[in-house]
Amino acid sequence: MHQSSFKTLIISLLIFLQQSLVASEWGKTEKTEKKLFNVQVVESLATTINDSIDFSSTTEASRRIEIKSEVMTTVDQVMIKAGTLVKKGQHIIKLDDFDTNKELFDIDLLSQNEFNKVALFAPFNGILLDGHKIGGELVMPGEKVYELIDLSSLKIFGYINENEILSISLNNEVSISILGEEIEGKIDYISPISDPNTKTFEIVVKVDNKNYRYKDGLSSMISIKKGEVLAHKISPSILALGNDGALGVKVINDESKVMFKEIQVIEDTSEYMLVTGLNEKEQLIIVGQQYVSTGEEVSF
């Protein structure tokens, strides 16, 4: 082989090797490039708000009792008009046997217990309800003679779910709105057991009503204050579900990766939601969250 031919072969081999190396490097570059899905993000800053549990209910009298006869007799006289405020121990309805039994009681020939069977005095301060027996009417043993209601304080019942019951005690502040008027109340009772069907706990709020302004059966709104929390105002349209079905949102972390964060809803309206469970500052995905998965790197 001539020397010139040998040099030509060497040069051709070098060119081939160089081209192969460049092609190889180019192929590697193509394989390592990532095409990231693009999402739209908004920076959300939390604000401090007063968290509360709100529910609607109905007012009820603190006490309501039916006074029943233990003997068979007739009514002699109704001594109080229905709707009238009566005092404890006041004589409301006089039975036919009252005078005779009173004389026997006064000379100690009748016990207090026996006398009370025909006296039927008011057991507490209250208001006489309509529907009582009237003069001349027959009364049978165990039959209602009259009914008394105590409106000096009101009870309002509500039900707290198991996710919130640990944050409620007898010391929580309570405000009540009755027919648009704001008054204060106090938690009087928290059930120690839950309803097995609803997993809720009964709670009773007591309201002072010594001026008898509010009646039994009025619509009311209860607000039990839980304290201050950091909350984000978000659109319901950005909500997402976690793998376990939990409600939350998708956010972007410092590494441009998608994270799912579970939230708790404080207030829900047709236009926005107030939620907790997020950091003070979050990059919320507002468009494209349904197309990206937790841990996926994205552009935004």
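What's the total number of residues in the range 118-128 that are among the hydrophobic types (A, V, I, L, M, F, W, C), open to solvent by 20 Å² or more (accessible area, probe 1.4 Å) and farther than 16 Å from residue 75 by Cβ?
The total comes to 1.
Got a number for residues in the range 139-163 being more than 16 Å from residue 218 (Cβ to Cβ) and either among the small types (Gly, Ala, Ser) or open to solvent by 50 Å² or more (accessible area, probe 1.4 Å) (or both)?
Count: 9.
Give the residues of the range 78-92 that are open to solvent by less than 80 Å² (accessible area, probe 1.4 Å), of a type in the set (A, V, I, L, M) and part of a loop (DSSP other than H, G, I, E, B), sorted by residue number.
Those that are open to solvent by less than 80 Å² (accessible area, probe 1.4 Å), of a type in the set (A, V, I, L, M) and part of a loop (DSSP other than H, G, I, E, B): 80, 82, 92.
On the given criteria, is residue 99 open to solvent by 50 Å² or more (accessible area, probe 1.4 Å), free of Cβ contacts under 8 Å to residues at least 60 places away in the same chain and either within 28 Å of residue 215 (Cβ to Cβ) or not in a loop (DSSP other than H, G, I, E, B) (or both)?
The answer is yes for residue 99.
May I ask you to list the residues in the range 163-178 that are in contact with a strand residue (DSSP E or B) (Cβ under 7 Å, 6 or more places away or on another chain) and over 14 Å from residue 60 (Cα atoms)? Before the answer, list the steps.
Applying the first criterion (in contact with a strand residue (DSSP E or B) (Cβ under 7 Å, 6 or more places away or on another chain)) to the range 163-178 yields 164-165, 167-168, 170, 172-178.
164, 165, 167, 168, 170, 172, 173, 174, 175, 177, listed by residue number.
Can you tell which of 186, 210 is farther than 24 Å from residue 264 by Cβ and modelled with pLDDT of 95 or more?
186
If I go through the range 44-77 residue by residue, how many of them are part of a strand (DSSP E or B), open to solvent by less than 30 Å² (accessible area, probe 1.4 Å) and more than 30 Å from residue 231 (Cβ to Cβ)?
The qualifying residues number 6.
For the range 265-282, give me each residue that is touching a residue at least 40 places away in the same chain (Cβ under 8 Å) and under 18 Å from the mean Cα position of the chain (by Cα).
Correct list: 266, 273, 274, 275, 276.
Which members of the range 102-125 meet the condition of being within 46 Å of the chain's Cα centre (by Cα) and assigned to a loop (DSSP other than H, G, I, E, B)?
Answer for the range 102-125, where residues must be within 46 Å of the chain's Cα centre (by Cα) and assigned to a loop (DSSP other than H, G, I, E, B): 120, 122, 123, 124, 125.
For the range 59-96, which residues satisfy the criterion of being hydroxyl-bearing (Ser, Thr, Tyr) and in contact (Cβ under 8 Å) with a residue 60 or more places away in the chain?
If the condition is that a residue be hydroxyl-bearing (Ser, Thr, Tyr) and in contact (Cβ under 8 Å) with a residue 60 or more places away in the chain, then 59, 62, 69, 73, 74 are the ones that fit.
Using the structure shown, decide if residue 166 is assigned to a helix (DSSP H, G or I), without any contact (Cβ under 8 Å) to a residue 40 or more places away in the chain and surrounded by fewer than 12 Cβ atoms within 10 Å (Cβ to Cβ).
Values: assigned to a helix (DSSP H, G or I): yes; without any contact (Cβ under 8 Å) to a residue 40 or more places away in the chain: yes; surrounded by fewer than 12 Cβ atoms within 10 Å (Cβ to Cβ): yes.
Taking the combined requirement at face value, the residue satisfies it.
List, please: which pairs have Cβ atoms under 7 Å, are six or more places apart or on different chains, and start with a residue in the range 134-153 that is in a loop (DSSP other than H, G, I, E, B) and end with one that is among the charged types (D, E, K, R)?
From the range 134-153, the pairs are 135/76; 141/70; 142/68; 143/68.
Search the range 196-233 for residues being in contact (Cβ under 8 Å) with a residue 60 or more places away in the chain and in contact with a Phe, Trp or Tyr (Cβ under 7 Å, 6 or more places away or on another chain), and hand back the single one that is nearest to residue 155 (Cα to Cα).
222
The values are calculated or read from the model by the stated rules, or taken from the named source; none is laboratory data. Small disclaimer: the values here were computed from a predicted structure and weren't measured. Note that each Cβ is placed from the backbone with ideal geometry, even for glycine, and that neighbours are counted across all protein chains shown. These accessible areas exclude ligands, DNA and RNA; they are computed on the full protein's heavy atoms, side chains included. Shrake-Rupley method; radii C 1.70, N 1.55, O 1.52, S 1.80 Å.
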